[in-house]
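Take a look at the structure set out below.
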Amino acid sequence: MAGSLIVKDGLIVRGGAGSRRYETADIVVEGAHIVAIGPDKGREYDGTVVDASNAIVMPGLVNAHLHSNEGFQQGAYDNLPLEMWLGESYPPFGFPVLTERDYYLRTMLAAIESIRAGVTTVQDDYVHPPATPDAMDAAIQAYADAGLRAWVTVDMWDQPLRACLPWADELIPDAIHDELASMGGADADAQIALFERQFERWHGHDGRIRIVLAPCGPQRCTPDLLRRIAALSAERDIPIHCHTLETRLQAIHAEQAWDMTAVAFMDKVGLLGPRTTLVHAIWLTDDDIARLADRGCSVVHNPLSNMKLGSGTCPVRKLRDAGIAVALGTDGLATSDTADLVEAIRAASLIHKTGKPDHASWVSADEVFDMATSAGARTGLMADRVGRIEPGMCADLILLDRGHWGFIPLVDPIRQLAFSATSEAVRTSIVDGRIVMRDRKILSVDEGALRDEIREAAERYLRDCVPAMEAGARRLAPYLEAIYRRAQNTLPSP
């Protein structure tokens, strides 16, 4: 057959159940899909040959939770818990509005970092409080140009600040609440309209772009908006991606606001189901875990940001033992400060071993690799197409250098990816049958030219936008600090 792409003589890690199925074989790609795998299978086809004889071939990695909108804020914050960090990075007073080109460049930074780290699919929880289409269009266009598979959310929330935090009425002055209310913002109808617009414009674009529903968190949405989101998800058969129980403070808020856990509240309004993924899901009760398992929900674990923000540790072992699909994300570029999922793989392979003397409960590198591939695909409702190397699956492949120091001697590719190698081992990336990086050179865009333009735009952001953001953050900081401090002395019920 003519026009094939033949990945020749690679050591293949197929992924999925039984991911230790290593074999030296050819992978034949026609169009966007894998059509054949086997020793010398490439002889039956004519086409472009990629020599993989010195490579480990793996499924492309799936970053199941990323905020590319934080791309100009890498390294900006430290020693801030989530609620105080939000006041700095998403200040309601002084939030920056950029040009469409800058929105594009900001996401392109994350896209290039992702490609170089072996990520072929990103689930970008694109948070843009003004809720305008220009920023989202620019971000999606960046992914389309970079050649990545991207599932991009339309984030929604319609609750005021005073409804999102415990003790907000008591500790934040009425004048500030009134000023925030006077600033307006997109209501639920406008946000639903934005979703409809983005879905019509982008969903299915180039076979790689999908639009995802994202209630920003159950505490930030009215029950009516959550029900509308659930109905849209069912109608369109698309995922719901929702920050849930990232911090102790959020668990306390749920008890105060609803007299039940956040998971129970989400279930009450009909938001839970096989299309729903909870992001972070740290402060869960055992009843919450049983409920999520019963409803067929998924979870995204974000160890880098959870450690940096001091949020806690996702109960991955309990979740997996309950049969819940747990995926892996880097989180935002201002919380993990990277889009390098290999760093998250290493963190997730280590953090669940600390402080737990029962080693039978530890989370293995094999399990984390599954989280970074097939379980990540599950959160996007794409497990039948992404995350494994099998005939009929999308041709999302990465080739890692067997000569990289971290693979010498080659004992176990998955363990060595987790513990020994770095993302520099990723040499070639194929997305949807198209080579987007070969021998560490990105082919889909001009990386050198973009680096210069991105650097200039990011430095302009620091100069022109950050001072107003810092001034706005200072107005709320003492009140958020007081709320956070009280939460540390208030335990949520078990």
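Worth pointing out:
- Residue selected from the range 288-330 under the condition of a type in the set (Gly, Ala, Ser) and assigned to a helix (DSSP H, G or I), by the criterion surrounded by the most Cβ atoms within 10 Å (Cβ to Cβ): Ser305
- Filtered by the rule that a residue be within 23 Å of the chain's Cα centre (by Cα), touching a residue at least 60 places away in the same chain (Cβ under 8 Å) and surrounded by fewer than 16 Cβ atoms within 10 Å (Cβ to Cβ), the range 176-215 gives Arg197, Arg201, His205, Asp206, Gly207.
Here is a yes/no grid of residues against (1) buried (at least 23 other Cβ atoms within 10 Å of the Cβ); (2) under 30 Å from Glu459 (Cβ atoms); (3) not assigned by TED's automatic domain parsing to the domain that holds Thr277:
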residue: Glu23; (1), (2), (3): no, no, yes
residue: Ile27; (1), (2), (3): yes, no, yes
residue: Gly31; (1), (2), (3): no, no, yes
residue: Pro39; (1), (2), (3): no, no, yes
residue: His67; (1), (2), (3): yes, yes, no
residue: Tyr77; (1), (2), (3): no, yes, no
residue: Glu83; (1), (2), (3): no, yes, no
residue: Leu98; (1), (2), (3): no, yes, no
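- Matching entry among Ala131, Ala144 (being aliphatic (A, V, I, L, M), surrounded by fewer than 24 Cβ atoms within 10 Å (Cβ to Cβ), assigned by TED's automatic domain parsing to the domain that holds Ala262 and more than 30 Å from Phe369 (Cα to Cα)): Ala131
- Qualifying residue in the range 369-389 (condition: in contact with a Lys or Arg (Cβ under 9 Å, 6 or more places away or on another chain), in contact (Cβ under 8 Å) with a residue 60 or more places away in the chain and farther than 30 Å from Val299 by Cα): no
- Residues of the range 267-276 that are outside any helix (DSSP H, G or I), crowded, with 17+ Cβ neighbours inside 10 Å and not polar (S, T, N, Q): Val269, Leu271, Leu272, Arg275.
- Residue match in the range 126-139 (condition: within 30 Å of Asp401 (Cα to Cα), part of a helix (DSSP H, G or I), within 19 Å of the chain's Cα centre (by Cα) and not basic (Lys, Arg)): no
- Any chance Ala377 is under 20 Å from Met437 (Cβ atoms) and modelled with pLDDT of 95 or more: no
- The range 234-266: number of residues that are buried (at least 23 other Cβ atoms within 10 Å of the Cβ) and in contact with a Lys or Arg (Cβ under 8 Å, 6 or more places away or on another chain): 3
- Pick from the range 331-368, criterion in contact (Cβ under 8 Å) with a residue 40 or more places away in the chain and of a type in the set (S, T, N, Q), ranking: nearest to Gly406 (Cα to Cα): Ser349
The values are calculated or read from the model by the stated rules, or taken from the named source; none is laboratory data. Quick caveat, the model's predicted, so the values are computed rather than measured. Here the Cβ is made from the backbone with ideal geometry for all residues, glycine too, and neighbour counts use every protein chain on show.
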